[in-house]
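I have placed the structure first, in the form of C-alpha cells, so that the comments after it can refer back to it.
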Amino acid sequence: MRQFSNKIYFIIPPTSHRLIPGREFILSAPLEGVCSISLVLGKMGYNVEIVDYRRCQKNLIRDFERSLSDACAICITTTIDSFDFLVNFTRHVKQLQKDIPIVLGGSLVSSSPLVVLKNTEADVAVIGEGESTVKELFPLFGEKVSHKIKEVKGIYYKDSSGKVLKNPPRKHLTNLDNLPVLDFGIWTINNGYKFDKISYSTTRGCPWNCFFCFKPMQGLRCKSRERIEEEISNAKEKYNIKEIVFTDSTFNFSSTHIESICEILQDYDIKWTCMMRAQNVNQSLLRKMKNAGCKSIRYGIETLNQDILTSLKQGIQASDIENTINMTIEQGIKVVGFFMIGLPGATEESLIKMIDFVEKKKQLIPKAFYFIPLPGSRLYGSALRNSLIKDESEYLYLLSQGTDRLIINFSNIPEHKLRKTFRRMEAIMKERLCS
Ligand code: B12
Ligand code: SF4
C-alpha cells in the first residue's frame with residue numbers, strides 16, 4: 001500500500017500539432033480545462049504540479065522518474081494525438097510505481113475511452129466535463145480502491161482483474177458559475193512560465209451537430225456576464241494579459257452574448273480572436289467587435305460547395321459564407337478561413353473553385369485541413385462500420401503522428417491531387433501571413 005501524499009502531477013502530453021505561423025504561443029499557453037481541474041483538486045487539499053511536455057520530445061520519461069516517488073496520483077489530459085505517448089508513458093510509470101492511480105481526461109479519452117484504457121496502463125478515464133467527477137473520484141484513492149468507484153458517474157475504470165467497466169454517464173453542469181473562478185496561476189508554479197496571452201472560453205458545448213465533429217461537452221451553457229468579467233479582469237490584473245484566444249466552439253451562437261462580451265472588453269486593452277460559424281453575422285455586430293479589440297475571426301468554412309455543405313452542416317449556405325467573409329474584411333477584421341480537403345462528394349472541379357475563391361479573396365488567410373474521422377464523431381462510427389477503419393488502436397497510433405496528413409480519402413479525387421491542393425493552400429496562407 002502506498003504512503004498517502006497529497007502530490008498530483010498533471011501531465012500535458014507532447015504534440016505533433018503545427019499551428020498557423022505566428023500562433024505558436026498556443027502550444028505553451030495555459031490549458032483552461034487543466035487549470036479548472038487543478039483548481040478543484042487544489043481546493044480539495046491536493047498539491048498539483050503541471051508537467052507540460054507539449055513542446056518537448058526527448059528524454060521525457062527519464063526526467064519524470066525522479067518526481068514519481070512523492071506522488072499520490074498522476075493526471076493526464078489527452079488530445080487527439082496523445083495515444084502513442086499514453087501507451088508508453090503509462091507503462092513506464094506503472095513499471096516504476098505499480099500502485100499509483102493514473103487518471104485520464106480530455107478529448108481523446110472522452111471520445112475513445114475503451115480503446116485508450118485497454119491499450120494503456122491508465123486506471124480511470126473521466127469522460128467530458130471533469131470537475132464534479134474528480135471531487136467524487138479522488139477521495140477514493142486514499143483508501144484501497146474501493147467498491148465506491150462503481151458509484152462515480154462519468155467514468156470508465158479498470159477493476160482489479162484489469163477489465164474495463166463503464167459507469168453511467170454524468171449530466172453536464174447546468175450552471176457554469178458554480179465552477180471555481182478560473183485562474184491560470186497553476187501554470188506559473190514550478191516551471192516559472194510567464195504568459196501574456198490566454199485561451200479562454202465563455203461557454204461550454206455547442207448547439208449544432210455536425211456529422212464530422214466530436215463534442216466532448218454536451219448542451220450549450222454560458223458563463224454569466226459577471227463571471228466572464230471577473231475572470232477576464234483577474235487575468236488582466238494578475239498576468240497583464242494582452243491577448244485572448246476565445247476557444248468557444250461557436251462564439252456567435254447569440255449576438256447578445258457577443259455584445260455583452262464586447263461591452264466587457266471595451267474597458268480593457270486586450271486584443272482578441274474567436275471562432276464563429278459563417279452565418280448570423282452583420283455589419284453592426286462586427287463593428288462592435290472591432291471596436292472592442294477583435295483582431296481576427298476564424299470561420300469554419302470547410303467547403304463552398306452547397307451540396308457538400310448541406311450534407312455536412314445544418315443550415316449553412318455558401319452565399320452566407322461569402323457575405324460573412326466580405327463583411328468581416330470590410331470592418332478591418334482579419335479573416336482566417338478553415339477549409340477541408342478530401343470531403344466526401346468533393347470533385348476536382350470543386351477543388352479548383354476553392355483555390356480560385358481563395359486566390360481572389362486576397363485578405364482571406366486560408367487554413368487547410370485534411371478531412372479525417374475524429375474519434376467519437378458520427379463520421380468515425382460510419383468509417384468503422386464500413387471497414388475504412390479496421391483497427392481502432394492502429395488508427396489512434398496514426399493520429400499520434402499528426403493530423404495534417406491524408407489518412408483516409410473519402411473523395412473520388414486521386415490522393416496526389418488532394419495533396420497538391422493542400423500544399424497550394426498552405427503556400428497561400430504563408431504568403432499572406434508574411435505580407
Ligand atoms: C482550444 C482547442 C484547441 C487548441 C488547444 C490549445 C489551447 N490552448 O486550448 C488548438 C488550437 C491547439 C487545437 C488544435 C486541435 N484541435 Co482542438 N479544440 C479546442 C477546443 C475548441 C476547446 C478546448 C477547450 O479549451 N475547452 C474548454 C475546457 C474547459 O475543456 P477541456 O479542455 O475539454 O477540459 C475539460 C474536460 O475535457 C476534462 N479534462 C480535460 N483534461 C483532463 C484531465 C483529467 C485528469 C481530468 C480528470 C479531466 C480532464 O475536464 C475539463 C474541465 O471540465 C475543443 C472543442 C471543445 N469545445 O472542447 C477542440 C477539440 C478538442 N479539438 C479537436 C481537434 C480535432 C483539433 C485538431 C486536430 C484540429 C486540426 N485539424 O488541426 C488540433 C489537434 C491539436 C492537438 N494536438 O490536440 C477536437 C478533438 C476531437 C477528439 N476526438 O479528440 C475537438 C473536440 C473539436 C472538434 N470537435 O473538432 N484545439
Ligand atoms: S463543427 Fe463546430 S458547429 Fe459543428 S458541431 Fe462541432 S463545434 Fe458545433
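Quick notes on this one:
- Any chance Glu237 is over 22 Å from the mean Cα position of the chain (by Cα) and farther than 30 Å from Tyr9 by Cβ: no
- All helices (runs of 4 or more DSSP H) inside the stretch 33-139 with 1 or more residues being within 12 Å of ligand 1 (Cβ to nearest atom) and either within 16 Å of the chain's Cα centre (by Cα) or more than 23 Å from Ile198 (Cβ to Cβ) (or both): 83-96, 107-111, 113-119, 131-137
- Test: residue in the stretch 184-197 that is modelled with pLDDT of 95 or more, within 14 Å of ligand 1 (Cβ to nearest atom) and β-branched (Val, Ile, Thr): no
- Residue ID - farthest from ligand 1 (Cβ to nearest atom), chosen from residues in the stretch 198-221 that are surrounded by fewer than 20 Cβ atoms within 10 Å (Cβ to Cβ) and not in a loop (DSSP other than H, G, I, E, B): Arg221
- Residue in the stretch 243-252 that is within 20 Å of Ile316 (Cα to Cα), part of a helix (DSSP H, G or I) and within 13 Å of ligand 1 (Cβ to nearest atom) present: yes
- Qualifying residue in the stretch 142-161 (condition: more than 22 Å from Ser5 (Cα to Cα) and among the polar types (S, T, N, Q)): yes
- When Lys135, Lys153, Lys163 are checked against the criterion of being within 15 Å of Cys75 (Cβ to Cβ) and surrounded by fewer than 18 Cβ atoms within 10 Å (Cβ to Cβ), a single residue qualifies: Lys135.
- Top-ranked residue of the stretch 208-234 - restricted to ones that are under 18 Å from Arg277 (Cα atoms) and among the charged types (D, E, K, R), ranked as nearest to ligand 2 (Cβ to nearest atom): Lys215
Per-residue answers, yes or no, for (1) touching a Leu at 6+ places or on another chain (Cβ under 8 Å); (2) modelled with pLDDT of 95 or more; (3) within 30 Å of Pro14 (Cβ to Cβ):
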| residue | (1), (2), (3) |
| --- | --- |
| Phe369 | no, yes, yes |
| Ser377 | no, yes, yes |
| Tyr380 | yes, yes, yes |
| Phe410 | yes, no, yes |
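Table: residues versus (1) free of Cβ contacts under 8 Å to residues at least 60 places away in the same chain; (2) small (Gly, Ala, Ser); (3) in contact with a helix residue (DSSP H, G or I) (Cβ under 7 Å, 6 or more places away or on another chain); (4) away from ligand 1 (no atom under 11 Å from the Cβ).
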{"site": "Lys362", "(1), (2), (3), (4)": "no, no, no, yes"}
{"site": "Pro373", "(1), (2), (3), (4)": "no, no, yes, no"}
{"site": "Leu384", "(1), (2), (3), (4)": "yes, no, no, yes"}
{"site": "Asp391", "(1), (2), (3), (4)": "yes, no, no, yes"}
{"site": "Tyr397", "(1), (2), (3), (4)": "no, no, yes, yes"}
{"site": "Leu406", "(1), (2), (3), (4)": "no, no, yes, yes"}
{"site": "Phe410", "(1), (2), (3), (4)": "no, no, no, yes"}
{"site": "Pro414", "(1), (2), (3), (4)": "yes, no, no, yes"}
{"site": "Met429", "(1), (2), (3), (4)": "no, no, no, yes"}
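- Top-ranked residue in the stretch 253-288 [being closer than 22 Å to Ile26 by Cα and more than 13 Å from ligand 2 (Cβ to nearest atom); ranked as surrounded by the fewest Cβ atoms within 10 Å (Cβ to Cβ)]: Asp269
- Hits in the stretch 19-32 - residues which are charged (D, E, K, R), within 14 Å of Thr247 (Cα to Cα) and outside any loop (DSSP other than H, G, I, E, B): Glu32
The values are calculated or read from the model by the stated rules, or taken from the named source; none is laboratory data. The shown structure was predicted, so the numbers you read here are calculated from the model rather than taken from an experiment. Note that each Cβ is placed from the backbone with ideal geometry, even for glycine, and that neighbours are counted across all protein chains shown.
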